[in-house]
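All remarks here apply to the structure that follows.
The values are calculated or read from the model by the stated rules, or taken from the named source; none is laboratory data. This structure is a prediction, so every number in the text was calculated from the model and none was measured. Here the Cβ positions follow ideal geometry from the backbone for every residue, glycine too, while neighbour counts run over all protein chains shown.
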């Protein structure tokens, strides 16, 4: 369902808390891709990412009356999603999806060998990210993939902007070591 | 030479280093190497994409969220403004503290008669203690005991009241509390043989 609602997130939240369930559907349609991708970055497979992203939205819906309007809705939603993912990772190590880029890459005109190398590099990077400490991993995902400002990441991870930058530095340093192994 | 900190190296890798640190970076091979390595790792990270699900998936995604919501309880719609619950909570704690204080402090209303009676003293001071401080017989005793006490002696004895405390004691103690105070002093005087 394309998002054509001109209302801001915070207006939709108010409408939802006032009893307009359709307003929450608008919020889901608006943010589902971003939240799904965020979850995928944590777990590395479609099934778990789907389940976690849906769970994040359900939890957000339940907690809407407690949403502090001093924060941005997206920051709050990201915080819930990151917590859902970290809780899952604490319980179960996800299975990353197998390599599957060769068919799609060759179909797009890329040579099979080149596609294989690219997929192998991607697999190694994903595996290395999965081995980072949780806070470094969350910081790296939010910064490198979602390009959120350090201050917003600090709000999501209940940290400070300086600590986020330091975590980011250590995440990259650890990744380099893991990729060089 | 002092090298760039973790935070400054991060800023440098993201291309927003302040001028002073940039000047250092231009002259420092160690920091330049660190920044180059960070950028190389970032390039590797950026090359990993998330497969895009089919358009149909997104329609089902919303349905899955709705199914989860149906199983979950409805959000509680509050008529209170945001933050009101926190204030109500604080008010409740304060109220409980006040109630707790009055519930646990020594009662001056029930206890005092028995010891006085046991000492053979008439309980008149307690029963008949008037609310008017000037006409209060028990308080008159207090004043008579204190009348010969010199300021310097009291100060040397360390019993000097704080500014306004006597007035507060006289005006804020209930008649029963004043009577209890007098009873305690009378008991102490008897014990000392005064």
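Structure summary
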read-out	value
Verdict on residue A:115 being crowded, with 17+ Cβ neighbours inside 10 Å and at pLDDT 95 or above	no
Positions within region B:26-55 being facing chain A (nearest Cβ under 9 Å) and outside any helix (DSSP H, G or I), in sequence order	B:47, B:48, B:49, B:50, B:51, B:52, B:53
Residue that is farthest from the other protein chains (Cβ to nearest Cβ), among those in region A:42-68 that are closer than 22 Å to residue A:126 by Cα and surrounded by fewer than 23 Cβ atoms within 10 Å (Cβ to Cβ)	A:48
Qualifying residue in region B:84-102 (condition: more than 12 Å from every other protein chain (Cβ to nearest Cβ), within 30 Å of residue B:186 (Cα to Cα), loosely packed, with under 14 Cβ neighbours inside 10 Å and modelled with pLDDT under 60)	no
Extreme residue, farthest from the chain's Cα centre (by Cα), among residues of region A:21-35 that are more than 7 Å from chain B (Cβ to nearest Cβ) and crowded, with 23+ Cβ neighbours inside 10 Å	A:24
Among the candidates A:50, A:70, residue that is farther than 16 Å from residue B:57 by Cα and free of Cβ contacts under 8 Å to residues at least 24 places away in the same chain	A:70
Helices (runs of 4 or more DSSP H) fully within region A:128-181 counting 1 or more residues that are within 14 Å of the chain's Cα centre (by Cα) and touching a residue at least 40 places away in the same chain (Cβ under 8 Å)	A:134-140, A:150-157
Residues satisfying the stated conditions in region A:161-172, i.e. surrounded by fewer than 17 Cβ atoms within 10 Å (Cβ to Cβ) and at the interface with chain B (Cβ under 8 Å from one of its Cβ atoms)	A:162
Number of the condition not met by residue A:97 [criteria: (1) closer than 23 Å to residue B:52 by Cβ; (2) at pLDDT 85 or above; (3) within 12 Å of another protein chain (Cβ to nearest Cβ); (4) surrounded by 15 or more Cβ atoms within 10 Å (Cβ to Cβ)]	(2)
Test: residue in region B:44-58 that is in contact (Cβ under 8 Å) with a residue 24 or more places away in the chain, crowded, with 16+ Cβ neighbours inside 10 Å and under 28 Å from residue A:128 (Cα atoms)	no
